[in-house]
Amino acid sequence: MSCHYDYVYKVLSRRNLWGIFYVPTQPYQKDKVLDVHRIHLLCGAYSGIELLSTLKAFLKEEMIPDEKREEFRKQTYTRQDNYEGISEFKRILNYFVSYDFREQLIDKVARELNYVFHTSEFYVPVEKLNAMQLSGNLIGSHTVSHPVMSKLTKIEQNEEIENSFSFLDSNLQLNVKTYCHPYGGFHSFNDDTVNALAKNEVVFSFNVQSRDICDEDLTSAIHFLPRYNCNEFPYGKAS
Ligand SMILES: [Zn+2]
C-alpha cells in the first residue's frame, strides 16, 4: 500500500535500515483494489450493521459451499451490535462465501453504498517499488490475488506464485526470490504451497508465528519462517 512508500520506506532510509516488502501483483495487472483491502476500506467507512444488511440483501445460500452451510447458519445471524456486525461481515466474505462470488458481492455492496475505490492512490506505483529496491530493500511475492492458498487447488496455487513472480521479475528484475504467505498461520497454506515455492525456486518464505527465527529453521522451515504479526508490536494494534 502507498503508505509503505510514503512512511515506512522513508523512515527506514533515514535510519539506514532496509526491509522486505511483499507485494500482491493483481492490482497492477487488473487495476482493481484487492478484495481483502476493499473489505478493510468498507469496514472503515460504514457501520457493521449497515454493511451486514447491505450484504445480506445480495447474499444467496448457494453462494456458500455445501460443507460450510451448517456452520454459516450457526455462526451468522447472531447478536448484532456494531462490532458483531463488522466481524460477521468479514467472516462471511473472507470465510463462508465461495471465491466464485466474493468479488461481485463486494462490487454490489460498494455500488449500493456509493463507495468508490481508487487503485492508483492505494498501491505503491511500480516506479516507486523500483526505487525502493534500488536503494537496498527487497521486493517479494505475496501471490497475485492474496487468497487463502489452502482453499485453492495445487494448480491454482502454482499459478498464484508463478504469475506473481513473473510480473515482479519482468518489472523489477528481482535480486532474490522471496515469498510471504497471505494471511499467514499454518492453516493458510499446505504442502502444495510449499512444493510450488520449491518448484519456482523461491529462496525463502515467511509465515506468521510468534517467535524469532532460529538456525534450525533455515534447514527445516525455509518456506515457513516465523515472523511476528505487526499487531504484536507496540502501537501495531489494528481495530
Ligand atoms: Zn497480506
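The values are calculated or read from the model by the stated rules, or taken from the named source; none is laboratory data. What you see is a predicted model, and the numbers here were worked out from it, not measured in a lab. Reconstructed Cβ throughout: ideal geometry from the backbone, glycine too, with neighbour counts over all protein chains shown.
Observations
- Top-ranked residue in the range 1-57 [being under 13 Å from the mean Cα position of the chain (by Cα), assigned to a helix (DSSP H, G or I) and of a type in the set (A, V, I, L, M, F, W, C); ranked as farthest from Val124 (Cα to Cα)]: Ile39
One line per residue, one yes/no per condition, for (1) within 16 Å of the ligand (Cβ to nearest atom); (2) buried (at least 17 other Cβ atoms within 10 Å of the Cβ); (3) of a type in the set (Ser, Thr, Tyr):
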{"residue": "Met149", "(1), (2), (3)": "yes, yes, no"}
{"residue": "Thr153", "(1), (2), (3)": "no, no, yes"}
{"residue": "Gln157", "(1), (2), (3)": "yes, yes, no"}
{"residue": "Asp169", "(1), (2), (3)": "no, no, no"}
{"residue": "Asn175", "(1), (2), (3)": "no, no, no"}
{"residue": "Glu201", "(1), (2), (3)": "no, no, no"}
{"residue": "Ser205", "(1), (2), (3)": "yes, yes, yes"}
{"residue": "Ile213", "(1), (2), (3)": "no, no, no"}
{"residue": "Gly236", "(1), (2), (3)": "yes, no, no"}
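- Among the residues listed as Ser145, Ser135, the single one being more than 17 Å from Lys199 (Cβ to Cβ), in contact (Cβ under 8 Å) with a residue 12 or more places away in the chain and within 16 Å of the ligand (Cβ to nearest atom): Ser145
- Per the listing Leu138, Leu105, the residue uniquely surrounded by 15 or more Cβ atoms within 10 Å (Cβ to Cβ) and more than 25 Å from Gly44 (Cα to Cα) is Leu138.
- Number of the condition not met by Tyr5 [criteria: (1) surrounded by fewer than 17 Cβ atoms within 10 Å (Cβ to Cβ); (2) modelled with pLDDT of 95 or more; (3) away from the ligand (no atom under 16 Å from the Cβ)]: (1)
- Single condition Thr25 does not satisfy, out of (1) within 16 Å of the ligand (Cβ to nearest atom); (2) at pLDDT below 95: (2)
Table: residues versus (1) buried (at least 17 other Cβ atoms within 10 Å of the Cβ); (2) small (Gly, Ala, Ser); (3) farther than 17 Å from Leu129 by Cα; (4) away from the ligand (no atom under 16 Å from the Cβ).
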| residue | (1), (2), (3), (4) |
| --- | --- |
| Tyr9 | yes, no, no, yes |
| Arg14 | no, no, yes, yes |
| His40 | no, no, yes, no |
| Ile49 | no, no, yes, yes |
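- Any hit, the range 207-214, residues being in contact with an Asp or Glu (Cβ under 7 Å, 6 or more places away or on another chain), over 17 Å from Val23 (Cα atoms) and without any contact (Cβ under 8 Å) to a residue 40 or more places away in the chain: yes
- Helices (runs of 4 or more DSSP H) fully within the range 148-239 counting 1 or more residues that are in contact with a Gly (Cβ under 8 Å, 6 or more places away or on another chain) and modelled with pLDDT under 95: none
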